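Just below is one structure, and these are the notes that go with it.
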Amino acid sequence: MGLDEQLQAERQRRTADEAVRLAYEDVFTTLSHNGFLSGVLPEDAAFPDFVLPNVEGRLVSLASRLAEGRLSCSSFVASGAPSAG
């Protein structure tokens, strides 16, 4: 099963429960009304290049990492750090 099929199966599993589906729609509606989704890339859009430090502190770009093959991104948040929530 390919990634697209796995994602579709997961979406179907998560929205099978009516309460979960309604909660998801409520969050989506709230984000949309607050303008948060205006900056979201449309489906099939190319992700813009960016530069971030890697775990060793060296700056790397998205383009340079993709040129080497698949890309994995991780986010590390310190306990006690403020969240977006």
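The values are calculated or read from the model by the stated rules, or taken from the named source; none is laboratory data. Remember, it's a predicted structure, so these values are computed and weren't measured experimentally. In this analysis, Cβ positions are derived from the backbone assuming ideal geometry, glycine residues included, and neighbour counts consider all displayed protein chains. Heavy atoms of the whole protein, side chains included, go into the accessibility calculation; ligands, DNA and RNA do not. Shrake-Rupley method; radii C 1.70, N 1.55, O 1.52, S 1.80 Å.
For beta carbons closer than 9 Å, sequence separation of 6+ or different chains, a first residue in segment 1-18 that is farther than 17 Å from D44 by Cβ and a second that is in a helix (DSSP H, G or I), the qualifying pairs are M1/A9; R14/V20; R14/R21; R14/Y24; T15/R21; T15/Y24. Cβ-Cβ contacts under 9 Å between residues 6 or more apart (or on different chains), taken from a first residue in segment 19-32 that is without any contact (Cβ under 8 Å) to a residue 12 or more places away in the chain to a second residue that is charged (D, E, K, R) and surrounded by 11 or more Cβ atoms within 10 Å (Cβ to Cβ), are listed as V20/R14; R21/R14; Y24/R14. Inspect all residues belonging to segment 35-43 and state whether any of them is surrounded by 10 or more Cβ atoms within 10 Å (Cβ to Cβ) and assigned to a helix (DSSP H, G or I). Yes, because at least one residue in segment 35-43 is surrounded by 10 or more Cβ atoms within 10 Å (Cβ to Cβ) and assigned to a helix (DSSP H, G or I). Only residues that are over 20 Å from L71 (Cα atoms) and open to solvent by 70 Å² or more (accessible area, probe 1.4 Å) were counted across segment 6-17, and they come to 7. Just to be sure before I move on: is V20 modelled with pLDDT of 85 or more, assigned to a helix (DSSP H, G or I) and open to solvent by less than 100 Å² (accessible area, probe 1.4 Å) in the structure I sent? No: the conditions fail for V20. Restricting segment 44-72 to residues that are basic (K, R) and in a loop (DSSP other than H, G, I, E, B), the residue that is modelled with the highest pLDDT is R58.
Can you work out which of the residues in segment 48-57 that are over 16 Å from S72 (Cβ atoms) and open to solvent by 60 Å² or more (accessible area, probe 1.4 Å) is farthest from the chain's Cα centre (by Cα)? Checked segment 48-57; the qualifying residue farthest from the chain's Cα centre (by Cα) is V51.
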